[in-house]
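Reviewing the structure listed below.
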Amino acid sequence: MNALKSVLISISIAAATTASLPILAMDGAELYVTKTCVACHGKDAKTPILPIYPKLAGQSPDYAYNQMVDIKSGARSNGMTAAMKGVMHLVNEEEMRAIANWLGTLN
């Protein structure tokens, strides 16, 4: 019984300690690479592989985020979004926000 009590106390302390730690922001630059954005939009987000793909560097974070949300949901579905629709399952809303915020920091 004492062992169980010790384990429960340890779990409680760990949970309390973890709860007080700040949540680390996601790294938009890293996500841009790992979520395959770089494959079409270029390493610097300024040199897409095809001229018809948009340059993303310097976009307003809200605009970039809303575009990703609309493409993922299907609200935006024109010929230009077909390529992105196939990869949008790779990102969740928090990751989209981090990528969009990072893009907004680029010139």
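The values are calculated or read from the model by the stated rules, or taken from the named source; none is laboratory data. As the structure is a prediction and not an experimental result, all values here were calculated from the model. In this analysis, Cβ positions are derived from the backbone assuming ideal geometry, glycine residues included, and neighbour counts consider all displayed protein chains.
Inclusion of residue 26 among residues that are under 11 Å from the mean Cα position of the chain (by Cα) and at pLDDT below 90 is warranted. Among the residues of segment 41-76, the ones that are more than 15 Å from residue 101 (Cα to Cα), surrounded by 12 or more Cβ atoms within 10 Å (Cβ to Cβ) and in contact with a helix residue (DSSP H, G or I) (Cβ under 7 Å, 6 or more places away or on another chain) come to 5 in all. Among the numbered conditions (1) in a loop (DSSP other than H, G, I, E, B); (2) of a type outside the set (A, V, I, L, M, F, W, C); (3) free of Cβ contacts under 8 Å to residues at least 24 places away in the same chain, tell me where residue 70 comes up short. Result: residue 70 fails condition (1) only. If I filter segment 44-56 for residues that are in a helix (DSSP H, G or I) and either out of contact with any Phe, Trp or Tyr (no Cβ under 7 Å at 6 or more places or on another chain) or modelled with pLDDT of 95 or more (or both), do I get at least one hit? Looking for residues that are in a helix (DSSP H, G or I) and either out of contact with any Phe, Trp or Tyr (no Cβ under 7 Å at 6 or more places or on another chain) or modelled with pLDDT of 95 or more (or both), one finds none in segment 44-56, hence no.
Going by what's in this entry, would residue 101 be described as surrounded by 16 or more Cβ atoms within 10 Å (Cβ to Cβ) and modelled with pLDDT of 95 or more? Here the answer is yes, as residue 101 does meet what is asked.
I'd like the residue in segment 73-107 that is touching a residue at least 40 places away in the same chain (Cβ under 8 Å) and not in a helix (DSSP H, G or I) and, out of all such residues, is farthest from the chain's Cα centre (by Cα). The extreme case among them is 107.
Tell me, please, whether a residue that is at pLDDT below 95, under 16 Å from the mean Cα position of the chain (by Cα), part of a helix (DSSP H, G or I) and surrounded by fewer than 17 Cβ atoms within 10 Å (Cβ to Cβ) can be found in segment 1-14. For segment 1-14, residues at pLDDT below 95, under 16 Å from the mean Cα position of the chain (by Cα), part of a helix (DSSP H, G or I) and surrounded by fewer than 17 Cβ atoms within 10 Å (Cβ to Cβ): absent.
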